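Read through the structure below, which is laid out as structure tokens, and then see the notes.
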Amino acid sequence: MRIGLISMGLCIALLMGCGSAENAVNLFTLQDDIALGEQVRSEIESDSSGMELLDSTAYSKIYGYLYSIRDSLLNSGQVHYKTEFPWRIRIIKDDSTLNAFCAPGGFIYIYTGILKYLEAEDQLAGVLGHEMGHADLRHSTRQLTKMYGVQTLIGLIAGDRELVRQVTSSLIGLSFSRTHEKEADECSVRYLCPTHYNSDAGALFFEKISKEGGVSPPEILSTHPDPGNRVEAYRTHKQTYGCIGELNQAERYQKMIQTLP
């Protein structure tokens, strides 16, 4: 699948909801985000990627569970591109990796490592909200615009397979700016706020990482800005938005995790 026309001019996107105007310059259009995400999906799920994905039919129970949480966030009324993006979820079998990421256009990937590390459903919802926030604010393609020149992006239009592999690798390990991480954290709270979940559950993940010590924070929770400051920010956002949900569903979560290989 080829990326659609990437504007040769500078597309200045209007950020909605929890975003700001940092790195507003984006050479990708909204349809380009979706098309690039589809290319990344194809690359990740190819036999040559080296990644093992859990089959959605064989593991239909855990997939159905993840999609139900995703739907709760989409139905919060806070996700700007709720209907435009597919918000497709796939699980990568890798117990050693504490990570999740969302490719442009809403293609979500979660490692079994982070699923087994989390302790409750609200924490997973917080992680999903953070990653969905990056996609909803189009952080990845803003970052790619910054990382690659126009000529490189033109190569994506032409379907350069090696370039697609390079960009896919960049997206999986993408390190966002301080501002983008803060925006995604805020999105997590905003998406969870109208639900029954504890809206600052993302902060609990930071706290567990900090208490255990020696555990390298995954890309999703990079050390910039400071984890302690991010915990405080989560709780401040919860108070500011008047969120009252406290549901964590720890017992149900642990039962579902047992269905993983």
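The values are calculated or read from the model by the stated rules, or taken from the named source; none is laboratory data. What you see is a predicted model; the values in this text were computed from it and never measured. Cβ coordinates were reconstructed from backbone atoms using ideal geometry, including for glycine residues, and neighbour counts include every protein chain displayed.
Given the criterion touching a Pro at 6+ places or on another chain (Cβ under 9 Å), at pLDDT 95 or above and surrounded by 13 or more Cβ atoms within 10 Å (Cβ to Cβ), identify the matching residue among C193, C243, C187.
Going through C193, C243, C187 in turn, just one is touching a Pro at 6+ places or on another chain (Cβ under 9 Å), at pLDDT 95 or above and surrounded by 13 or more Cβ atoms within 10 Å (Cβ to Cβ): C243.
Please determine whether any residue of segment 159-182 is aliphatic (A, V, I, L, M), at pLDDT 90 or above and touching a strand residue (DSSP E or B) at 6+ places or on another chain (Cβ under 9 Å).
no
Exactly one condition in (1) over 24 Å from L36 (Cβ atoms); (2) buried (at least 23 other Cβ atoms within 10 Å of the Cβ) is false for H139; which is it?
All conditions are met except number (1).
Given (1) touching a His at 6+ places or on another chain (Cβ under 8 Å); (2) crowded, with 24+ Cβ neighbours inside 10 Å, where does F205 come up short, assuming only one miss?
Single failed check for F205: (1).
Return yes or no: is Y148 modelled with pLDDT of 85 or more and out of contact with any helix residue (DSSP H, G or I) (no Cβ under 6 Å at 6 or more places or on another chain)?
no
Has segment 71-81 got at least one residue that is aliphatic (A, V, I, L, M) and under 23 Å from T29 (Cβ atoms)?
yes
Residue by residue, here is whether (1) of a type in the set (A, V, I, L, M); (2) in contact with a helix residue (DSSP H, G or I) (Cβ under 6 Å, 6 or more places away or on another chain) holds:
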{"position": "L73", "(1), (2)": "yes, yes"}
{"position": "Q78", "(1), (2)": "no, yes"}
{"position": "Y81", "(1), (2)": "no, yes"}
{"position": "R90", "(1), (2)": "no, no"}
{"position": "T97", "(1), (2)": "no, yes"}
{"position": "C102", "(1), (2)": "no, yes"}
{"position": "H130", "(1), (2)": "no, yes"}
{"position": "H134", "(1), (2)": "no, yes"}
{"position": "L144", "(1), (2)": "yes, no"}
